[in-house]
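Okay, structure first, notes after.
The values are calculated or read from the model by the stated rules, or taken from the named source; none is laboratory data. Small disclaimer: the values here were computed from a predicted structure and weren't measured. Glycine gets a Cβ as well: all are built from the backbone with ideal geometry, and neighbour counts include every protein chain shown. For the accessible areas, the whole protein counts, side chains as well, though only heavy atoms, and no ligand, DNA or RNA atoms are used. Shrake-Rupley method; radii C 1.70, N 1.55, O 1.52, S 1.80 Å.
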Amino acid sequence: MKTYGHFIDGQDVPASGGQAFESLAPMTGEALGLAARGTAEDVSDAVDSARRGFLHWSGLPPAERERILLKCADHVEASYDRLLNLLIDESGSTIIKAKYEVLYTASVLRAAAGEVRRLYADTLPNEKPHRLSMVLREPLGVVLAISPFNAPLVLLAKMVVFPLGAGNAVIAKPSEETPLIAVEFARVLHEAGLPAGVFNVITGFGAEVGEPLARHPGVDGIALTGSTATGIRIAKIAAETMRRVQLELGGKNPLLVLNDMDVTRAAEIAAVGAFTHAGQICMSSARILVEQPLGRAFAEALAKKAASLHLGDLRDEKTAYGPLINQRAVEKVKSHVQAALAGGGELLTGGQVQRGLVFQPTVIYNPPRSGPLWCEETFGPVASVTEVDSFDEMIAIANESDYGLSAGVLTNDLVRGLTAARRIRAGSVHVGAHSFQSDPMAPIGGYGMSGVGRSGGKYSVEHFTELKWVSLELGETPRPF
Ligand code: NAD
């Protein structure tokens, strides 16, 4: 079996304790490789290397950083097969999703390269004619990026490359479910010319290596994409250590179907929103609200579409989605479905495991507006459809959540669509589409328990910089005030 070390200072390094853990393919249960199981000692090595990397990288002219990031983008594309196959196997992604992730990762790298030369600072018009005031923008230093399992290449890339563009060094702690793809990504960037130490990866478990990294005094900022429970832990550490954080957390995203829509078309769009990657997407359309009188007709059209989805080989382009990540995830989905049915929801299709970790596409009509299917992330292929009498009530129900990550509004009426977009409390609202869309330049993040800060384009780059006021006295003797 292949063994993967941490990637520190441009090299594969075994865990200092010699411990390793298997990375399993969720579709087959096969062990794909052994990943290093990080310890506190590995943390110090990675931070020392990143601090040296930061000194070198932040001192390069921006044009040189831009050139290297563009070369990294080209090399990601040139490494397409190697990244694609590992992504499919390790994360249980279909070939369609994996292709998208690899190509989008190259796009994110180019977007970050484009931001490198746009880090403008200011001069201030100030009250004192004898003083010139400047505001400088400087990289924070070493940024820790903690990533989840569900889109393990592109979500990691987003958290890494924008801070890099700003001149920071980055240490990544990928999900213990998908460690190998993160190490492979670091190798690819290094081969493309990213200097040693600028991007290190430590693999292992949250409590064993994620938390010691987050607490390490050599780390200046933290980006986490993960669950709200982990976000709360990281926010507490950040509060104690006064560290800049950016948290992209969970969601329970509404998709509004207004009553001017054709139900078949709306169901086609909603099926993509609810079932892509078996619903293991933070922005998946989990709560579908349908304006009357379309409720039942829409729910039946969605159930028909769901039942027709092909759940085959991951490398077959017709396959709609693959397995859940592990058995714990399957048990959680089952329990949410059972609670919704016990609370009076009507099962229109699905509700069972198909085989292994693959769960059937499931549609539940009018589930209770309480309990886990309504309030918590299910992270499975379960669409709840709720009929609603009026537009105002739809908005109120859409906002009936502790989360506020994203939303979709299906309508041909632009005024009602944009009115909904303004009234829904979510970090992104997509009119004419389901709730998960991507754009490397757009600010991604959420309201409420969905997180803090935004990632993407200039928003990430600015988040991971410090502002410094520098003044110059022009000839006058400095006075106390
Ligand atoms: P998770 O919170 O279980 O794990 C995320 C990462 O945090 C992993 O690398 C894990 O090892 C690490 N971690 C866990 N405990 C830690 C600790 N105490 N200290 C430091 N690190 C720790 O999440 P997951 O199950 O891997 O991913 C799914 C979650 O991610 C869902 O909630 C989903 O909504 C969310 N997500 C959000 C976005 C977004 O953009 N908002 C995108 C994708 C996924």
### Summary
Condition set of a type in the set (Lys, Arg) and either within 16 Å of the ligand (Cβ to nearest atom) or within 16 Å of residue 383 (Cβ to Cβ) (or both), scope the range 304-333, selection farthest from the chain's Cα centre (by Cα): answer is 304
### Message
Checking the conditions here, which among 383, 396, 421, 407 is closer than 20 Å to residue 297 by Cα and in the same structural domain as residue 271 (by TED's automatic domain parsing)?
### Response
383
### Task
Hand me the list of helices (runs of 4 or more DSSP H) wholly inside the range 154-255 holding 1 or more residues that are among the basic types (Lys, Arg) and away from the ligand (no atom under 11 Å from the Cβ).
179-191
## Note on the structure
How many residues of the range 321-352 are open to solvent by 30 Å² or more (accessible area, probe 1.4 Å), touching a helix residue (DSSP H, G or I) at 6+ places or on another chain (Cβ under 6 Å) and farther than 26 Å from residue 402 by Cα? The answer is 1
### Query
Mind checking whether some residue in the range 268-284 is open to solvent by 10 Å² or more (accessible area, probe 1.4 Å) and free of Cβ contacts under 8 Å to residues at least 40 places away in the same chain?
yes
### Query
Would a scan of the range 197-205 turn up a residue that is surrounded by fewer than 24 Cβ atoms within 10 Å (Cβ to Cβ) and under 21 Å from residue 238 (Cβ atoms)?
yes
### Query
Which helices (runs of 4 or more DSSP H) does the range 323-441 wholly contain that include 1 or more residues that are of a type in the set (Gly, Ala, Ser)?
327-342, 391-398, 414-423
### Message
For the range 379-404, give me each residue that is within 23 Å of residue 230 (Cα to Cα), open to solvent by 10 Å² or more (accessible area, probe 1.4 Å) and in contact with a strand residue (DSSP E or B) (Cβ under 7 Å, 6 or more places away or on another chain).
### Response
402, 403
### Summary
The condition from (1) over 20 Å from residue 438 (Cα atoms); (2) not in a helix (DSSP H, G or I) that residue 304 misses is numbered (2)
### Task
Within the range 127-153, count every residue that is closer than 21 Å to residue 461 by Cβ and either part of a strand (DSSP E or B) or open to solvent by 30 Å² or more (accessible area, probe 1.4 Å) (or both).
11
### Query
residue 288: under 23 Å from the mean Cα position of the chain (by Cα), away from the ligand (no atom under 16 Å from the Cβ) and in contact (Cβ under 8 Å) with a residue 12 or more places away in the chain, yes or no?
yes
### Query
Does at least one position in the range 451-460 carry a residue that is open to solvent by 50 Å² or more (accessible area, probe 1.4 Å) and either β-branched (Val, Ile, Thr) or closer than 21 Å to residue 270 by Cα (or both)?
yes
### Query
Within the range 217-239, which residues are without any contact (Cβ under 8 Å) to a residue 24 or more places away in the chain and under 20 Å from residue 466 (Cβ atoms)?
239
### Subset of the range 19-43 (residues that are loosely packed, with under 15 Cβ neighbours inside 10 Å and over 29 Å from residue 84 (Cα atoms))
41
### Message
Condition (residue is open to solvent by less than 40 Å² (accessible area, probe 1.4 Å) and either in contact with a Leu (Cβ under 8 Å, 6 or more places away or on another chain) or within 16 Å of the ligand (Cβ to nearest atom) (or both)) applied to the range 117-126: is it met by at least one residue?
### Response
no
